[in-house]
Amino acid sequence: MMIATFISYSQKKTNGTIFSEHPAITTVESMMQAFVNGDEKKVASYLADDFRQFYGSSTNKDAKGGDKQSFLNDVKFWKDNFNYLSITRSPGAYPDALEYKDGANDDVVWVQTWEHVKGVHNKTGVKLDMPFHRLFIVDKNNKIKTMMNYYDSRIYQEIGNSNSERKNGTIYNNHDYINKVRRMIYAFENKDFPTAYSFYDEKAEFSTSEMGPNDKPLTLEQMKEVDKKMFEMFDITSIDITGYPDYLNYELGNAKVVQSWWNFRMIRKSDKKNIVLPVFYIHNFNDEGKITSELVYYSEKLLEK
């Protein structure tokens, strides 16, 4: 026991102090709020003359970072290009100030923050709603000399891509996948269920606009039970297409999607009420021409009215 206790204590070594309140934290958070307000002069007042900022996830070993003027240019860019900008502490998080005692960092304070950035790019409409992690080095004069940012850069790629037009595939108003959707729907109308279900992949998933975001999609077998109950409650007199379906063959991901609009004309068996139910379908196809997912938009209230 004595040996185990000695080993346990020998593995611990203090290297400074962590603060949840510190003048360096005040400096960092005040600077970021001045950034949000687009106040270049105030931001500059918090920065050391040799200030540098880095993207912490960069793999460029020769990165020199951006200097003080480039960061002040960022202040103007964000002010001119983003609406509704805010930077707040992430829920449940708070910044730390670290005073190291390792000999190399005795004259500076490290501040680490966990923040959430929100805003809308005013040209493209791309929304920012993302976490940021930042590390700051604050010198003995309480000036920020280094800033390292960690974030998901894909949102900025989306903004860049959205600044120019780009085609993403082809839209068809006549295609074999459209034909398959029509044949499937009309098979249901005529209660030819074996034919209707033959158009689906055996692992197809089914969702509706009435389902919550955390609800699991239904399997094909579960959907068959739903369909059975619907036909027990309603007589379908006709299913009529409205407008025309679209087949969208997307370039990104090679997705194969058919969108179609219908009016289901039904009689509710319980009270003989005639109901016309507008329905919008989105069907995804695989390379074998089978439906892999079905998303249907309709009003449950209209059925119950």
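Descriptive notes on the structure:
- The set of residues from segment 127-181 being assigned to a strand (DSSP E or B), of a type in the set (Lys, Arg) and within 28 Å of Asn254 (Cβ to Cβ) comprises just one member, Lys127.
- Among all positions in segment 67-79, there is no residue which is part of a loop (DSSP other than H, G, I, E, B), closer than 18 Å to Ile18 by Cβ and over 28 Å from the mean Cα position of the chain (by Cα).
- Beta carbons closer than 7 Å, at least 6 apart along the sequence or on distinct chains, pair a first residue in segment 18-41 that is assigned by TED's automatic domain parsing to the domain that holds Ile137 and surrounded by 18 or more Cβ atoms within 10 Å (Cβ to Cβ) with a second that is of a type in the set (Lys, Arg) and assigned to a helix (DSSP H, G or I) for Ala34/Lys42.
- Any hit, segment 72-90, residues being within 19 Å of Lys140 (Cα to Cα), surrounded by 16 or more Cβ atoms within 10 Å (Cβ to Cβ) and not hydroxyl-bearing (Ser, Thr, Tyr): no
- For the criterion of being surrounded by fewer than 15 Cβ atoms within 10 Å (Cβ to Cβ) and either of a type outside the set (Ser, Thr, Tyr) or not assigned by TED's automatic domain parsing to the domain that holds Asp129 (or both), Gln69 passes.
- Pairs linking a residue in segment 137-161 that is not assigned by TED's automatic domain parsing to the domain that holds Val120 and at pLDDT 90 or above to a residue that is loosely packed, with under 14 Cβ neighbours inside 10 Å and among the small types (Gly, Ala, Ser), with Cβ atoms under 9 Å and 6 or more positions apart or on different chains, do not occur.
- Options Val296, Val258; residue that is in contact with a Pro (Cβ under 8 Å, 6 or more places away or on another chain), surrounded by 13 or more Cβ atoms within 10 Å (Cβ to Cβ) and in contact (Cβ under 8 Å) with a residue 40 or more places away in the chain: Val258
The values are calculated or read from the model by the stated rules, or taken from the named source; none is laboratory data. Computed from a predicted structure; not experimentally measured. Glycine also receives a Cβ, built like all others from the backbone with ideal geometry; neighbour counts cover every protein chain displayed.
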